[in-house]
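Working notes, structure below.
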Amino acid sequence: MKKRIIILGCTGSIGQSTIELVREFPDLFEIVGLQANTNEQKLLELAKEFSCTQLCLTGKNIGADVLNSRIIFYGKSSVNNLIKNTDADIVVNGISGAAGLIPSVTTLECGKNLALANKETMVLAGNIINKIAEENNVKILPVDSEHSAIFSLIEKCGKDNIANITITASGGPFKNLTKEELNEVTLEQALNHPTWNMGPKITIDSATLANKGLEVIEANQLFGLSAEKINVVIHPQSLIHSLVQTKDGQFYAQISKPDMRHPILSALTYPEIIENSLEQVDFSNPFSMEFQPPKYENFPMLKLAFDALKKGNSYPIVYNAANEIAVAAFRNKQIKFTDIAKAVENVMNFDWSKTCTTIEEVVEVDCEARNKTLTALKELN
């Protein structure tokens, strides 16, 4: 029987990678639901190709535009109706940012497995999300290449045998720049990632190392490891996606080409492993791999993430919210690249010791942090 898939963010990088896999394995997968933000034309093209009738466009509201009658669900919250009203085995959440939180909650509450590319889900509400998954007897299958690697390695080594984990980072385009040089980088330079082909927001996060910071917090929530047991290392080739060290001191690594289709396929076929046509690492040709510690002083977003994780409570929510607002300002060329971390640090200096026990409380803190970030950005200018 084919595995029925809903793809959220179907026109983005994760969505498109998932669709490529469905094309390669039409006998294994069936797309039963598609969501996009505003790209109506692409959504309809995909619907026609895969004979998918459950379509959702969240960036448009009924009455605001000339609407296509083939699209059933419109508006910001309509993605939840898509999930609730579509029979599916797994939902691929490729929505960017905090907007992906509620769809993750809905997916799990509906008893559907979650292939999670939206790291903000766990950063904002990991304790709540894990509880919902357990109550509904469904799985959270990480799609980030790093967390997919850790997930597989922990399964193979046994969680009780893990001493610590190491998340690799490409280092982005600016890993060798000085503080002074970082102060002058442009938006165009920040969007030019040397290894991965990703959306604009995550590409900038990779340049600041905020993406790695979010992954550190996500790893804590996914695998129950303290900050002291999570390490980060710069690995420019992006061939080793993560490592685990067992109690006997040995390291185990997951190695593959930097292609998001690898971790997506792992999530879609779990617990099975299948042959595929994806490019593999070729050890018959010489190549080298480099490793170096992160320059925390040059990339404060990574240190701020560890600070947020250690402080706990609402600090991870604030870290993410402030970063999203600051990155948007940088993309609009309103602030400098180095101002992103300054704004986030300013907002994190407030008291965020409240512990959120409901999604509503998470959303409330998220909103407050965003408003404070907007104020902080004005003070920077």
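We did not get these values from a lab; they are worked out from the coordinates using the rules stated. Just so it is clear, the model here is predicted, and its values are computed rather than measured. Cβ sites come from the backbone with ideal geometry, for glycine too, and all protein chains shown count toward neighbours.
Some notes on this structure:
- Within the same chain, aspartates and glutamates fewer than 8 places from Lys311 are excluded, and of the rest, those with a Cα less than 14 Å from its Cα are Glu228, Glu345, Asp351.
- Protection proxy ranking of 137-144, 2-9 - average other beta-carbon atoms within 10 Å, highest first: 2-9, 137-144
- Among the listed pairs Lys3/Lys247; Lys212/Lys333; Lys112/Lys159, those whose Cα-Cα separation exceeds 28 Å are Lys3/Lys247.
- Expressed as a fraction of 2.2 N^0.38 Å, the C-alpha radius of gyration for the stretch 3-142 is 0.98.
- Here the 3J(HN,Hα) profile of the stretch 307-321, calculated from phi with Karplus coefficients 6.51, -1.76 and 1.60 at θ = phi - 60°, is 4, 5, 5, 5, 6, x, 6, 9, 4, x, 4, 5, 4, 5, 4 Hz, Gly and Pro shown as x.
- Take the Cα of Cys110, step 7 Å toward its Cβ, do the same at Asn192, and the gap between the two points is 4.2 nm.
- The peptide list 311-318, 224-231, put in order of mean Cβ contacts within 10 Å with the highest first, becomes 311-318, 224-231.
- Under 5 Å, built H, 5+ apart or other chain: amide partners of Ala117: Asn93, Val143
- Bridgeable aspartates and glutamates around Lys257 (alpha carbons under 19 Å apart, same-chain partners fewer than 8 residues away excluded): Glu20, Glu24, Asp144, Glu146, Glu275, Glu279, Asp282, Glu290.
- Amide H to amide H distances under 5 Å link Asn231 with Ile165, Thr166, Ile167, where only residues 5 or more positions off or on other chains count and H is placed in the peptide plane.
- The chain - mean residue ellipticity at 222 nm from DSSP helices (-39,500 (n - 2.57) per run, n ≥ 4, rounded to 500): -13500 deg cm²/dmol
- Proxy reagent accessibility, fewest Cβ within 10 Å first, across Tyr270, Tyr296, Tyr74: Tyr296, Tyr270, Tyr74
- Selected from Gly100, Gly75, Gly171 as most flexible by GNM, with the chain as the system and alpha-carbon contacts under 10 Å: Gly75
- log₁₀ of I(q)/I(0) at q = 0.08, 0.10, 0.14 Å⁻¹ - the chain, Debye sum with one point per alpha carbon: -0.40, -0.63, -1.30
- Residue list for the stretch 116-133, given a label point 7 angstrom along the Cα-to-Cβ vector of Arg331 and an amide N cut-off under 16 Å: 118-120
- Between Glu24 and Lys179, the contour length at 0.36 nm per residue exceeds the Cα-Cα span by 51.3 nm.
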